[in-house]
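I'd like to ask some things about the structure below.
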Amino acid sequence: ILNQLVEDQGIRLDAATRRELTGFLDPDGRNRLRFRHAMIRDVAYRSLSFKRRRELHLLAGEIAESAAGDHPEAAADVLALHFSLAQDHERAWRYSRIAGDQAREAYANIDAATHYERALESARRLDAISDDEKAEIWTQLGDVKEQAGLFDEALDSYRKAYRLRTGALERAELMLKRASARERAAQYSIALQEATGVGRLLEDSTSTEAAHLAARAQAFYSLIRMRQGRPADALQTAQTAVEKATKADSKPALARAYGVMAWSHLMLDEPGAEELWLDALRLYEEVGDLIGQGYMTNNLGGLAYFEGRWDDALDYYERSRDLAERVGNAVDVGVTEGNIGEVLVKQNKFDEAEPQLIKAVRVARASGDAFTVVFANLQLARIFIERGQLSEAGDLLERSREEALSFNMKGPAYEAAIYLADMKVRDGEPEAALEILDEAVRQAEEEASIFAPTADRVRAFALSETGRRPEAIEVAGAALEAARARSLDYEVAMLLLCKADLLEDQDPDEVVDLRREADVVIDRLDIRPLETA
């Protein structure tokens, strides 16, 4: 293409000229060259007039199109670029859509967004392009923006597509997509409103497609209840979604509903979570939904984590991270980095955990994923506590709790309160710790169950520090039995050590037995000894 381009300009590159150009160009694959320095390229390009640039891009595009022969779609990305910059809007519209679709199918979300934006820019200058065609591209642009973690930009794209659509089914689909972007940005109240709005739009629709969409909307509604930390409500609405999904034969809706039900069972201390998540994973595999597969493997990792199967947890988390990377989803990569970081924190591998957690916070903050920001910051605060950096830990925990409450995330808010109380005990303020725990339990409601053994361990230490040793031993003993009943192995080990500390000067034989049992679990979970000052 380069040879033909310069020949068409009446320029012949002799051997001496080619040798001289090698100082500015480097090979880029078999048949491509690139400028060695971007600054040289930019200066050369900007020295051309706008008219000359358009002429050269048009010529380059036509040469590339001719070279592609009967398969111009194979060079769609190059053709889209040149015809767009040449302002050949018809060909730019055509090839930008093809290039966008190709990039989207390869999960190159940012590249896909660039091509779709070029297509829409060309569409503005083409009267023949229908509103439905434009709406389709706006929708695809929103999809890749959401996958790239650009939730506000995705919402804007969906809004523009919505204004161009007139059919109830198409509008309902877009409203559900808007709700999804809202949920990812932790805008739960608005997401609920839009998920409810889907049902209103479909009231008069009796088609199979409408039934599928209604089932998906119901399942999504239950997901938001889950995000808000309301397991009983989430379970009830997910069960309704299962009924709708089964009737409509909608595997995606059924998979999502099963996933929410699994989480609810875990939070409510009911059996069946693992089976439901495995069923959801199977359904996502059947429909080829890599994103859904990533979510379910991440959830299975969380279950294995709670149950003390940390090798399994890390395997699941790494599978989830691989799936997120495969689909170009940087946000969910950050989520799994945070989950892996949590395991490393509990293993006291702070130097390994810290960079993963910092990365998770950075990615989540950039995309507006408030849930992951709070979650990863809680793990960082735990590192600060164990390192004795109590002031830094306190500041981070207070901010995290406030942020969680502002988004109505009851579970993370409760967890933040537990760690804040732990910090207060270590800082010599046990009464303040007890007040924090009491208030947190009142606010947490259903979400308190899974964290109860952790909270009671902190409570036992606080009670002991206030001189209420018998009560502390009783609380620790009850919490230990609760942790055993739920197979929360990490908490079992920590509560064994807690009870041993409380009985130190009362029953030496039991203390030895408690610590011996704790050591078995600690060795299995690969928990490192904490460094002492």
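The values are calculated or read from the model by the stated rules, or taken from the named source; none is laboratory data. Predicted, not measured: the structure shown is a model, and the values here were computed from it. For neighbour counting, all protein chains shown are included, and Cβ atoms are generated from backbone atoms with ideal geometry for every residue, glycine included.
What is the one condition in (1) of a type in the set (A, V, I, L, M); (2) assigned to a helix (DSSP H, G or I); (3) surrounded by fewer than 20 Cβ atoms within 10 Å (Cβ to Cβ); (4) touching an Asp or Glu at 6+ places or on another chain (Cβ under 8 Å) that Ala74 does not satisfy?
(4)
Please verify whether the stretch 119-138 includes one or more residues that are within 23 Å of Ile190 (Cβ to Cβ), assigned to a helix (DSSP H, G or I) and in contact (Cβ under 8 Å) with a residue 12 or more places away in the chain.
Yes, because at least one residue in the stretch 119-138 is within 23 Å of Ile190 (Cβ to Cβ), assigned to a helix (DSSP H, G or I) and in contact (Cβ under 8 Å) with a residue 12 or more places away in the chain.
Follow-up. Considering only the stretch 453-498, state which residues are among the hydroxyl-bearing types (Ser, Thr, Tyr) and either at negative phi or free of Cβ contacts under 8 Å to residues at least 12 places away in the same chain (or both).
Once the filter is applied, which keeps residues that are among the hydroxyl-bearing types (Ser, Thr, Tyr) and either at negative phi or free of Cβ contacts under 8 Å to residues at least 12 places away in the same chain (or both), the stretch 453-498 yields Thr454, Ser464, Thr466, Tyr490.
Let me ask something else about it. Count, please, the residues in the stretch 246-258 that happen to be closer than 14 Å to Val287 by Cα and either hydroxyl-bearing (Ser, Thr, Tyr) or buried (at least 16 other Cβ atoms within 10 Å of the Cβ) (or both).
Result for the stretch 246-258: 7.
Name the residues in the stretch 225-276 that are under 28 Å from Ala370 (Cβ atoms) and of a type in the set (S, T, N, Q), would you?
Across the stretch 225-276, the qualifying residues are Gln228, Gln236, Thr237, Gln239, Thr240, Ser264.
Taking the stretch 348-359, which residues are on the phi < 0 side of the Ramachandran plot and either aliphatic (A, V, I, L, M) or touching a residue at least 60 places away in the same chain (Cβ under 8 Å) (or both)?
Passing the criteria: Lys349, Ala353, Leu357, Ile358.
Here's another thing I want to ask about it. Between a first residue in the stretch 499-517 that is more than 18 Å from Ala483 (Cα to Cα) and a second residue that is of a type in the set (Asp, Glu), which pairs have beta carbons less than 8 Å apart while being 6 or more apart in sequence or on different chains?
Every condition considered, the pairs that remain are Leu503/Glu510; Val511/Glu504.
Would you pick out the residues in the stretch 43-71 that are outside any helix (DSSP H, G or I) and either of a type in the set (A, V, I, L, M) or at pLDDT 85 or above (or both)?
Leu48, Gly69, Asp70, His71
Return yes when Ile190 is of a type in the set (A, V, I, L, M) and closer than 21 Å to Ser264 by Cα and no when it is not.
So Ile190 does not fit the description; no.
Among residues belonging to the stretch 360-415 that are small (Gly, Ala, Ser) and without any contact (Cβ under 8 Å) to a residue 24 or more places away in the chain, point out the one that is nearest to Thr454 (Cα to Cα).
Ser391
Follow-up. Please go through the stretch 110-140 and give me each residue that is farther than 23 Å from Glu170 by Cβ and either crowded, with 18+ Cβ neighbours inside 10 Å or β-branched (Val, Ile, Thr) (or both), ordered by number.
Ile110, Asp111, Thr114, Arg118
Here is a follow-up. Among the listed residues Arg91, Arg97, which satisfies the condition of being assigned to a helix (DSSP H, G or I), modelled with pLDDT of 95 or more and closer than 26 Å to Leu290 by Cα?
Just one listed residue meets the conditions, Arg97.
When you scan the stretch 156-177, how many residues do you find that are part of a loop (DSSP other than H, G, I, E, B) and buried (at least 22 other Cβ atoms within 10 Å of the Cβ)?
Looking only at that region, the number is 0.
Looking only at the stretch 196-239, count how many residues are over 22 Å from Leu405 (Cα atoms), part of a helix (DSSP H, G or I) and of a type in the set (Asp, Glu).
1
Turning to a different aspect of this structure: Within the stretch 513-533, take every residue that is assigned to a helix (DSSP H, G or I) and loosely packed, with under 15 Cβ neighbours inside 10 Å and give me the one that is nearest to the chain's Cα centre (by Cα).
Arg524
Follow-up question, since we're still on this one. Quick one: is Ala219 modelled with pLDDT of 95 or more, surrounded by 15 or more Cβ atoms within 10 Å (Cβ to Cβ) and farther than 21 Å from Asn408 by Cα?
The answer is no for Ala219.
So, one more: Please determine, by comparing only the residues of the stretch 191-206 that are surrounded by fewer than 19 Cβ atoms within 10 Å (Cβ to Cβ) and charged (D, E, K, R), which one is farthest from the chain's Cα centre (by Cα).
Among residues in the stretch 191-206 that are surrounded by fewer than 19 Cβ atoms within 10 Å (Cβ to Cβ) and charged (D, E, K, R), the one farthest from the chain's Cα centre (by Cα) is Asp204.
From Gly229, Gly272, Gly288, grab the single residue that is more than 21 Å from the chain's Cα centre (by Cα) and on the phi > 0 side of the Ramachandran plot.
Answer to the check: Gly272.
Of all the residues that make up the stretch 9-42, how many are at pLDDT below 75, among the aliphatic types (A, V, I, L, M) and not in a loop (DSSP other than H, G, I, E, B)?
Final tally of qualifying residues: 4.
Being acidic (Asp, Glu) and either over 19 Å from Ile110 (Cα atoms) or crowded, with 18+ Cβ neighbours inside 10 Å (or both), is that true of even one residue in the stretch 178-190?
Yes, there is a match, as at least one residue in the stretch 178-190 is acidic (Asp, Glu) and either over 19 Å from Ile110 (Cα atoms) or crowded, with 18+ Cβ neighbours inside 10 Å (or both).
Could you check the stretch 77-94 and list, in sequence order, the residues that are surrounded by 20 or more Cβ atoms within 10 Å (Cβ to Cβ) and among the basic types (Lys, Arg)?
Arg91
When you look at Ala324, is it buried (at least 22 other Cβ atoms within 10 Å of the Cβ), touching a residue at least 12 places away in the same chain (Cβ under 8 Å) and farther than 21 Å from Arg256 by Cα, yes or no?
Judged against the criteria, Ala324 is not a match.
Write out, first by first residue and then by second, each pair whose Cβ atoms fall under 9 Å of each other, whose residues are 6+ apart or on separate chains, and whose first residue, in the stretch 32-49, is without any contact (Cβ under 8 Å) to a residue 40 or more places away in the chain and farther than 16 Å from Ala60 by Cα while the second is hydrophobic (A, V, I, L, M, F, W, C) and part of a loop (DSSP other than H, G, I, E, B).
From residues that are without any contact (Cβ under 8 Å) to a residue 40 or more places away in the chain and farther than 16 Å from Ala60 by Cα, the pairs are Phe35/Phe24; Arg36/Phe24; His37/Phe24; Ile40/Phe24; Arg41/Phe24; Ala44/Phe24.
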